[in-house]
Amino acid sequence: MKKHLIILANVIVSLSIAGTGMTRMILRDPLLGGGYEFSTLIWISGVVSFWLIPLEICIISDKKLTTH
Amino acid sequence: MATLGRRVSPDTTLLRPILATGRVIYPLVGLVVSMVSMYIYTFYLQIEGGHGSVTGQATPVGAVWGLYVASIIFFIGVSHVGIGVSAATRLLELDYLKPYARIAELLTMFCLPAAVCIITIDIGRPERFLFNVMRYGRVQAPFVWSATVISTYLFASLVYLYLSMRRDFALCADLVPKWRRFYKLLALGYEDTEEERRRHEKTLWWMSIALIPIMVSVHSVYGFVFGLHSSRAGWFNPFMAPYFVLGAINNGFATLVIVAALIRKVFGWEEYLSLRGLRNLARFLCWMTLLYIYFCLSEYLTYIYSPPIGEVIVFRSLFKGDFSFIFWPSQTVLLMGYLMLFLNQTIFNRQFTLWVTVAGASAINIALFATRYLIVVPSLMRPMLPFPTGTYTPTLYEWGVIIGMFGFVIGGYLVFMKFFPIIELPHPGEAERIK
């Protein structure tokens, strides 16, 4: 259960970061590119962090997360 | 020695490079270090004296992009094959290609950073480029998408490679006692149970599906970097992205055939890297090369038939001008490479020889490198403002950078092979199936 929560948290965080970055890039001044700085960095971080999910699926063991 | 309950194959043939170090490795390492130092030395000179001191690139007269950019396209093209082969192996269940998958994945892992290193030196002030793209990048800019797809492809490929290697780390912890702790640490508690194997296989299967569009987008973005220049003769072309992707597939598969044949010969792994696998890789390369030749012919035919004035100048320089001494030999070599593969697979099918296939793949790679140069430079030689036409000749420093990056890729393979199995250790009963 905890493993699923971690994966869900990753999906939400990655989508939020990537979505924020993309929205900010779209909102930038199309000619001069002013405002909303570092939105590209935010966008790329979001997209890249999405690929942590396969690692979480394979590495995190449900047994180890269960507290007795 | 406590094993983790997994069924370990006693055959350590595939671990030979890890367990013993041959004498030939030392001069090879020396060669690789001297090759890489050419890159570092040129970078130092360039920071000291600027682009003009080490490259033949110039502005406004001459070419602002040259051999560096041609090599970036080449290395990114080669990096294409990794996920391509791995995904085909998994999705189409081509078991005989499984031993080739990691060799291909490593091409991605080493060629993509090599391309990034050349981008870094080409920019001149890499810190400014990184900072400015990350800070001021615009959603419409191909370079923002280039940074996005390269970062994603590299990271995802790394995750893919790690997951496909986790079982091998756990096996190595048992089979290579001297580095047991190192491998155990990398295995992160992997126990090789049926359930774990199934979970890894399923995850890698889904990753293969997700990575294929990213793989295509990496080279498409580079096609768009050129194809979106509406006023640049020879570049503005809606087919630039598929043209680049096709070139990358040829590049990648040709390099994989060469690297796999070399590894097969050096380590005597004929039973693992089967002739059937190499033959099928060459067969695929053969048909992709034919498709590439078709793309080239239709492009040349269109530009010969009714070209705008800019294209007339660019293509005249290719066919009978300054670049004809590269154009005609490169097209001949491409055709020869194709014919070598084609005849080896069809008419001389029964006398199939590996060296002819490797020679054909090498010819295709050389021709494609020249083709990339011819895409980049001739179009830039035609000024769009009233400046005189310039010239561009790559300097020895520029060649040194390219040699340095080839050294980086070779060095990457050497280091990897010293610490990790380059062919996935077979599952129980799988070795016989592959053979």
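The values are calculated or read from the model by the stated rules, or taken from the named source; none is laboratory data. Computed from a predicted structure; not experimentally measured. Neighbour counts run over all protein chains shown; Cβ positions are idealised from the backbone, glycine included. To get the accessible areas, we keep the full protein, side chains included, count just its heavy atoms, and leave off ligands, DNA and RNA. Shrake-Rupley method; radii C 1.70, N 1.55, O 1.52, S 1.80 Å.
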B:F315: passes all of (1) of a type in the set (F, W, Y); (2) over 26 Å from the mean Cα position of the chain (by Cα); (3) open to solvent by 50 Å² or more (accessible area, probe 1.4 Å) but (3)
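Among B:I293, B:I309, which is the only one that is surrounded by fewer than 20 Cβ atoms within 10 Å (Cβ to Cβ) and under 18 Å from B:T371 (Cα atoms)? I'd like the intermediate steps shown before the answer.
Values: B:I309 fails: under 18 Å from B:T371 (Cα atoms).
Matching residue, one of B:I293, B:I309: B:I293.
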Checking B:V358, B:V333 in turn, the sole residue that is open to solvent by 30 Å² or more (accessible area, probe 1.4 Å), at pLDDT 90 or above and either under 30 Å from B:H427 (Cα atoms) or within 18 Å of the chain's Cα centre (by Cα) (or both) turns out to be B:V358
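For the stretch B:247-257, check the following and say yes or no: at least one residue is open to solvent by 30 Å² or more (accessible area, probe 1.4 Å) and more than 16 Å from the chain's Cα centre (by Cα).
Let us first name the residues in the stretch B:247-257 that are open to solvent by 30 Å² or more (accessible area, probe 1.4 Å), namely B:249.
Filter again for more than 16 Å from the chain's Cα centre (by Cα), leaving none.
Within the stretch B:247-257, not a single residue is open to solvent by 30 Å² or more (accessible area, probe 1.4 Å) and more than 16 Å from the chain's Cα centre (by Cα).
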Within the stretch A:1-30, restricting to residues that are within 20 Å of B:F143 (Cα to Cα) and open to solvent by less than 50 Å² (accessible area, probe 1.4 Å), the one that is nearest to the other protein chains (Cβ to nearest Cβ) is A:M25
Exception for A:K63 within (1) modelled with pLDDT under 90; (2) at the interface with chain B (Cβ under 7 Å from one of its Cβ atoms); (3) not in a loop (DSSP other than H, G, I, E, B) falls at (2)
For B:W355, the lone unmet condition from (1) under 26 Å from B:F244 (Cβ atoms); (2) assigned to a helix (DSSP H, G or I) is (1)
Of B:G62, B:G56, the only residue that is within 27 Å of B:S379 (Cβ to Cβ), part of a loop (DSSP other than H, G, I, E, B) and under 26 Å from the mean Cα position of the chain (by Cα) is B:G56
Of the residues that make up the stretch A:31-42, is at least one at the interface with another protein chain (Cβ under 7 Å from one of its Cβ atoms), open to solvent by 40 Å² or more (accessible area, probe 1.4 Å) and not acidic (D, E)? yes
The condition from (1) at the interface with another protein chain (Cβ under 7 Å from one of its Cβ atoms); (2) surrounded by fewer than 18 Cβ atoms within 10 Å (Cβ to Cβ) that B:L158 misses is numbered (1)
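Is it the case that some residue within the stretch B:147-160 is part of a helix (DSSP H, G or I) and over 20 Å from the mean Cα position of the chain (by Cα)? Write out each step before concluding.
Within the stretch B:147-160, the first condition is being part of a helix (DSSP H, G or I), and the residues that meet it are B:147-160.
Then keep just the ones that are over 20 Å from the mean Cα position of the chain (by Cα); that gives none.
No: zero hits.
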_Suppose the filter is out of contact with any helix residue (DSSP H, G or I) (no Cβ under 6 Å at 6 or more places or on another chain) and open to solvent by less than 10 Å² (accessible area, probe 1.4 Å); does B:W269 pass it?_
yes
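Okay, residues lined up against (1) within 13 Å of another protein chain (Cβ to nearest Cβ); (2) within 28 Å of the chain's Cα centre (by Cα):
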| site | (1), (2) |
| --- | --- |
| B:D168 | no, yes |
| B:L171 | no, no |
| B:K184 | no, no |
| B:Y190 | yes, no |
| B:E194 | no, no |
| B:G234 | no, yes |
Per the filter on the stretch B:214-231, residues over 19 Å from the mean Cα position of the chain (by Cα) and either modelled with pLDDT under 85 or farther than 17 Å from B:Y373 by Cα (or both) are B:L228, B:H229, B:S230, B:S231
